[in-house]
Amino acid sequence: MKSNQQQFYKIEKNQVTNFDAIVIGAGFSGLYMLHRLREAGFSVRVYEKGNGVGGAWYWSRYPGARCDSESIYYNYTFSEELYKEWTWSSRYPEQAEILRYLNFVADRLDLRRDIQFNTEIKAAHYDETHNLWRIDLNDGTCVSAKYFITGVGCLSVNATNVPAIKGLDRFEGKWYHTGAWPHEKIDFKGKRVGVIGTGSSGVQAIPVIAQKAEHLTVFQRTPQYTIPARNRPLDLEFIEKTKENYSEIRRQMHESFGGFPGNRGDHSALEEPPEKRQSVYEAAWEAGGLAIRSTYKDIMTNETANNTVSDFLRSKIREIVQDPEVRGKLMPTYFFATKRPVLDTNYFETYNRKNVTLVDLRKSPIEEITPKGLRTTEAEYELDFLVFATGYDGVTGPLFKIDIRGKDGLSLKEKWEDGAQVKTYLGLSTAGFPNFFIITGPESPSVLSNVPVAIEQHVEWIGDCIQYLHDHGVETIEAKAEAEEAWSIHCKEVADSTLYTKTDSWLTGANIADKPRGFPIYIGGIGQYRQIIDEVAAKGYEGFSLVTHQKTKSYQ
Ligand code: N01
């Protein structure tokens, strides 16, 4: 089904219905996947629910939304030209700027002509007779493709977590979820606002809303460690230097542990004299950002080592927050960074404001949402606006929103949920689902790395794989069950050798009732992961079944 090299389809709605590849989502993943396959001459169609490109950055427009990867690393690196044409304005890019960047990429690479916006993929079923994926869209259209590729990401608007709290339907005020924020401006001026949740989204939104609202009530279930972002404008000299060093920066990003250049600590926090360790943590706190996590090699693997940095961060909360009772409520107890670490701008300082109240939900849980506000076991809080910063059904949630079925009608949800464990081969594919690829899928580095780097790895691997299949006359590629079993065991062993699995979080699935617990992220490092997947490809896609020259009926 391969089209001529460089010959692109002009696609009008309903005109062409069979493609070499169909991709879901026009975020970082889908845009690059489209470009990569189209450049190789394949016909590709991207379906996107939103009315524009951007993926999560199209939807997450909440106040204060900003990425916590530094901007100069939060972009594509596959094209030197593209890299050099774009200039970030500040150390951490705000949501609107990331959206502008992705629009710039879409325009620059002329991607929109192969993206159908305002369209959701409802179902994708593998048709074994024709070796095709049949895909149902929300407008009733059915399309098909040889390859089906998801670029839905791990955190999607389709999988926002709005807790089932009694009474929400009777609330007379307005409510919003941070991950599905309205596109029109919400004016908090003079309003009584409640925010539930103190993860990355809540920590960013709370200080900004507090500046506008008449009164802000924060409903906190788990206190959070956060580190100052120390955001600042980037100066021209720095930007020019970055652009000059493009090749070296790209190399370091791709070979590193987390997708960022920079060294990781090579010795134990416990080998360091306490005064020296304190000064290392102070320097990291002053510099801002996530580097504190990498100051010593055992912060994420040794409880005592982790306690040294957790204690340090608690001491900072004590220094910043004035009211002793509020300070007590804000003191986190879990191992630092075993929930996804968070960066902030004036988060703890916000609790010194007179118009901010902190409610400790562990002491007084939510009973119900009332027409006028929210009632805990201790009090009722009257609210005009209620903001759910309550996160997502992460990693598998976005995939399970689509009825994906492989061979013998097996559904992805049934396979992974009934087996009580996600199983993938390399986080890229799963047995029983031929010609199906998952960009930043479960059991790949994804959300515990600098995500655009993880995306580039996957897109390039998938692009090369599809080219290989075409060149070698391969009809189908499918992960072998034993290869995926071994990969899943390996991922689990790596996770269990760290402290991550000791804390309940959205990473373990603990935030969603009845979700099977696990840790579906490969945390062996992005550089190491690249070596593994590249070696698999170099060995002719070891661990996959490749079927060639199979007679298939053409699909009408
Ligand atoms: O969601 P979260 P998020 N009652 O799941 C609480 C990425 N991201 O949207 O910890 C009361 O982290 C929950 O409490 P607890 C990033 O990967 C990146 O903030 O479960 N509270 C927690 O406090 C991030 O990790 C950026 O006890 C409830 C909060 O809600 C991921 O998205 C910015 C509750 C949810 O925190 C998700 O972050 C934003 C309930 N029923 C997001 N249910 C940047 O790059 C949940 N909570 C900066």
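Within straight-line reach of residue 146, meaning a Cα separation under 18 Å, sit the following lysines at least 8 residues removed in sequence or on another chain: 2, 122, 407, 551, 553. Placing unit charges on the Cβ atoms only, positive for Lys and Arg and negative for Asp and Glu, gives the range 168-388 a dipole magnitude near 280 debye about its Cα centre. Compared with the direct C-alpha span, the chain from residue 137 to residue 170 gains 8.6 nm at full extension, assuming 0.36 nm per residue.
Report the FRET efficiency, 1/(1 + (r/R0)^6), for residue 464 and residue 490, where r is their Cβ-Cβ distance and R0 is 25 Å, rounded to 0.05. Could the numbers behind the result be given before it?
Values: r = 23 Å, r/R0 = 0.90.
Using R0 = 25 Å, I get an efficiency of 0.65.
So what's the net charge close to residue 272: Lys and Arg +1, Asp and Glu -1, counting the other residues with Cβ under 12 Å from its Cβ? It would help to have the intermediate numbers written out before the result.
Values: positive: 276, 277, 297; negative: 266, 271, 275, 298.
Here the count lands on -1.
Straight-distance candidates among the aspartates and glutamates for linking to residue 492, with alpha-carbon spacing under 15 Å and chain neighbours fewer than 8 residues away dropped: 443, 484. Report the residues of the range 44-75 in range of a label on residue 287: point 7 Å along Cα→C-beta, backbone N strictly under 19 Å from it. Flagged as within label range: 68-74.
Counting DSSP beta bridges with both partners in the chain, what percentage is antiparallel, nearest 5? That works out to approximately 40 percent antiparallel.
Simple rule: put +1 on each Lys or Arg Cβ and -1 on each Asp or Glu Cβ in the range 380-539, find the dipole, and look at 516, 538, 465; the Cα lying farthest toward the positive end is 538.
Rounded to the nearest 500 deg cm²/dmol, what is the calculated helix-only ellipticity per residue at 222 nm for the chain, with -39500 (n - 2.57) per DSSP H run of length n ≥ 4? Please list the in-between numbers first.
On the way: 15 runs with 164 residues, N = 556.
Mean residue ellipticity at 222 nm (helix-derived): -9000 deg cm²/dmol.
As an exercise, use a Förster radius of 30 Å and the Cβ-Cβ distance of residue 118 and residue 187 to find the FRET efficiency, rounded to the nearest 0.05.
Once the sixth-power term is evaluated, E becomes 0.65.
Stretched out straight at 0.36 nm per residue, the stretch from residue 502 to residue 355 would grow longer than its current Cα-Cα span by 49.3 nm. Reported to the nearest whole Å, the Cα centre-to-centre distance from the range 77-124 to the range 344-416 is 29.
Computed over neighbours whose Cβ is under 11 Å from that of residue 220, the net charge equals +3, Lys and Arg +1, Asp and Glu -1.
Cross-linked pairs 480/515; 174/363; 191/212: Cα-Cα separations exceed 19 Å for 480/515; 174/363.
Bear in mind these aren't lab numbers, they're just calculated from the coordinates by the rules spelled out. All of these numbers come straight from a predicted model, not from anything done at the bench. A quick note on method: Cβ atoms are made from the backbone with ideal geometry, for glycine too, and the neighbour counts reach across all protein chains shown.
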